[in-house]
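Worksheet: one structure, shown below.
Here, each number is a calculation from the coordinates, and none is a lab measurement. Predicted model only: the values in this text are computed from it and were never measured. As a convention, Cβ positions derive from the backbone with ideal geometry for all residues, glycine included, and neighbour counts pool all protein chains shown.
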Amino acid sequence: MTVVCRYDLTLGLPHTSRRGLWEPHLLTYAGHYQWSAIASAIGRPLSALRTVSGGEVYAAFYFIEERIPGHTPIESFGLDATVRFAVALRSFKNIAVEGQVCFDRADRLPADHVPDARDEAHPFIRFGNIFITPVRGNSALRVAPPANADFSAIPPLPNDENPYHLARAAKETGSLGLIEDGWPPIGHAFEFLYELDADRDTNGAGLVYFVHYVTVMERAERAMAEDGQLPGGERSLRHRRIAYYGNADPRDTVRVRLAAYRDPGHADRVGLRASLDRQQDGQLICLSEAIKALV
């Protein structure tokens with residue numbers, strides 16, 4: 001039986017940028033509602049989770065997919081809009097949790113709406129969380145099932161539908177499957193360095209917050225556009241996949257390798273492939289592929 005948690009957010013100045021709702025802000029709140037839904041399902045706050053030996057456990061994001069229809073772009077949600085999020089969870093044992101999140105204006109998303117990955121009427125996000133514990137700070141994390149939580153209230157996630165497999169395959173191939181072979185490149189490979197800020201870029205667990213890596217990618221994309229390697233004008237997200245493989249120390253520097261491609265089937269769309277690694281040891285942090293419309 002599918003259990004859906006629903007949350008309404010009325011947008012104000014803290015939730016918006018110059019263009020309206022911004023992707024990192026969207027993921028901040030959608031991710032928070034994902035965590036809230038997990039906490040509700042297991043009957044305790046995630047900050048209370050512990051390993052058998054008493055170590056802290058966190059529900060880290062390892063996969064994100066966003067599908068945004070052209071008729072409801074993220075930036076169309078502006079000040080004073082009430083956005084409704086519907087979150088449905090599935091769990092792979094007590095190791096990983098998948099969240100399917102549908103969102104739209106409250107007057108467009110029925111109160112009884114159940115998220116469905118096949119539904120193209122509303123914007124949709126798929127989250128993959130895995131439980132980890134820090135071993136030696138941010139840069140060394142280990143899978144750690146919580147010993148003090150009951151996941152029986154969450155419907156099971158079949159192993160063959162677990163996004164972990166997609167993330168693992170992408171680490172081997174370098175592709176998340178959105179940008180197809182044969183798409184012509186735009187410009188040349190672009191590199192961007194971002195120095196992490198231990199106050200601005202961390203969360204309450206002391207880890208670099210997953211959304212800030214999206215912000216880093218957005219900064220790199222803007223720098224690439226300012227360098228004249230992307231078509232002029234704004235770009236609006238239509239589809240993105242992100243696979244996370246690690247984290248960085250809050251005092252480290254992140255290197256972004258960014259490549260752009262033309263979508264041969266849509267003259268008004270571009271593909272962006274990003275790879276992020278940490279300067280400390282060159283370890284891969286995450287991969288991303290995004291399809292954006294030129295507006």
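Which of these, R273, R90, R142, has the largest mean-square fluctuation under a Gaussian network model of the chain (Cα springs below 10 Å)? Sorting by GNM fluctuation, first place goes to R142.
For segment 185-294, the Cα-based Rg and Dmax, in that order, read 14.2, 44 Å. Where in segment 177-202 is the amide nitrogen less than 18 Å from a point lying 7 Å along the Cα-to-Cβ axis of H266? Under cut-off, by backbone N: 177-186.
Taking other C-beta atoms within 10 angstrom as a stand-in for reagent exposure, E172, E75 fall in the order E172, E75, fewest first. Taking label positions 7 Å along the Cα-Cβ direction at both D197 and E180, the computed distance is 4.2 nm, reported to one decimal. Of C5, C286, C102, the sequence from fewest to most neighbouring Cβ atoms within 10 angstrom is C5, C102, C286. Cα-based values for segment 4-162, radius of gyration first and Dmax second, are 16.4, 50 Å. What the Kirkwood sum gives for segment 34-82 is a hydrodynamic radius of 14.2 Å, with every pair of different alpha carbons counted. Per the Kirkwood formula applied to alpha carbons, the chain shows a radius of gyration over Rh ratio, Rg over Rh, of 0.95. Full extension of the chain between A189 and S40 gives 49.2 nm of extra length, using 0.36 nm per residue less the Cα-Cα distance. Each Lys and Arg contributes +1 and each Asp and Glu -1, all at the Cβ; summed about the Cα centre of segment 4-162, the dipole is approximately 500 debye. Taking the chain as a Gaussian network of alpha-carbon nodes connected by springs under 10 Å, the highest mean-square fluctuation of the residues N247, N129, N203 belongs to N203. Each of the peptides 179-186, 278-285, 121-128 was scored by the mean count of other Cβ atoms within 10 Å over its residues; in descending order, highest first, they stand as 121-128, 278-285, 179-186.
First measure r as the distance between the Cβ atoms of E172 and D8, then evaluate 1/(1 + (r/R0)^6) with R0 = 45 Å and state the FRET efficiency to the nearest 0.05. Efficiency computed from Cβ-Cβ geometry: 0.65.
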